[in-house]
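Down below is the structure, laid out as structure tokens.
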Amino acid sequence: MNLTELIAFISSVCAVIFVLVPHEWAHAMAANLSGDPTPKLMGRLTLNPVKHFDPLGFLCCALVGFGWAKPVPINPDNFKNRKKGMFFTAIAGVLTNYLIAFAIYALYAAFSRHAYYEMASASRALLYLAVFIRYFLYYTFLYSLCVFVFNLLPLYPLDGFRVVESLTRPINRVHRFLRDYGQIILLVLIAESFLCSVLSRFAGWANYFDILGYVLYFARQIVGYPIIMAWSWI
């Protein structure tokens, strides 16, 4: 691993923290606004990364671009309106990620166009700092989109399942299946994606079987397209 690759890795780790922590904070804030003080009482209404850290989810996000933080505990019985509270709390995280992606892309584009080359040509130290900032902004944009799309998958314990949960009854068969087997399916998909990324170094055809890779492509090329076009127009 050369120095540029090391800088890219460090910036990706920082980007993961920057993306996942506001996601969970938004869940806690939405629950609190909906009438449930549980996240606040559990110390989750904070931007302190330590409170939201999940080792497996953090590692998955750093390795394959998809991940999660420690789920925010809520008590739906405390919501002023149970279904609305559950729905609002479920989508708060992903909406925050999309807003982060929208804002961060403007910084990435502006930095790449105006500041990057000036810093890179000034000194070696500023060159490395410029590389770090550029990678950090790009990875934050990319991971925000990926977390937005990934968390909308209707698999327990992701936000997509919480949306389904808010719109269906627990006795619903689909609801029960997604809750009972969602986490297993999720781990299989992540393992399959990681295996395909390793095999692709030796056989390019492995990328065609990367299911989450298609989700990543959708996040970057489809979901991110309006953001790129909007800032290009502005």
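The values are calculated or read from the model by the stated rules, or taken from the named source; none is laboratory data. What you are looking at is a predicted structure, and each value in this text was computed from that prediction instead of being measured. Note: ideal-geometry Cβ built from the backbone for every residue, glycine included; neighbour counts use all protein chains shown. Areas reflect the complete protein model, heavy atoms only, side chains present, ligands, DNA and RNA absent. Shrake-Rupley method; radii C 1.70, N 1.55, O 1.52, S 1.80 Å.
Structure notes:
- Top-ranked residue in the stretch 17-31 [being buried (at least 24 other Cβ atoms within 10 Å of the Cβ) and out of contact with any Ser or Thr (no Cβ under 7 Å at 6 or more places or on another chain); ranked as nearest to Cys146 (Cα to Cα)]: Leu20
- Restricting Leu153, Leu216, Leu158, Leu187 to those that are open to solvent by 60 Å² or more (accessible area, probe 1.4 Å) and under 28 Å from Leu56 (Cβ atoms) reduces the list to Leu187.
- Within the option set Leu107, Leu95, Leu129, being closer than 18 Å to Leu20 by Cα and at pLDDT 90 or above holds for one residue only, Leu95.
Residue-wise test of (1) more than 16 Å from Leu152 (Cβ to Cβ); (2) of a type in the set (D, E, K, R); (3) modelled with pLDDT under 85; (4) in contact with a helix residue (DSSP H, G or I) (Cβ under 6 Å, 6 or more places away or on another chain).
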| residue | (1), (2), (3), (4) |
| --- | --- |
| Pro170 | yes, no, yes, no |
| Arg179 | yes, yes, no, no |
| Leu189 | no, no, no, yes |
| Ser197 | yes, no, yes, no |
| Phe202 | yes, no, no, no |
| Tyr208 | yes, no, no, no |
| Tyr214 | no, no, no, no |
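- Of everything listed in (1) open to solvent by 50 Å² or more (accessible area, probe 1.4 Å); (2) part of a helix (DSSP H, G or I), the single unmet condition for Ala130 is (1).
- Flag if Leu45 is open to solvent by 40 Å² or more (accessible area, probe 1.4 Å) and under 30 Å from Asn207 (Cα atoms): no
- The number of residues in the stretch 139-157 that are touching a residue at least 40 places away in the same chain (Cβ under 8 Å) and over 11 Å from the mean Cα position of the chain (by Cα) comes to 2.
- From Ala90, Ala69, Ala30, residue being among the small types (Gly, Ala, Ser), in a helix (DSSP H, G or I) and out of contact with any Lys or Arg (no Cβ under 7 Å at 6 or more places or on another chain): Ala30
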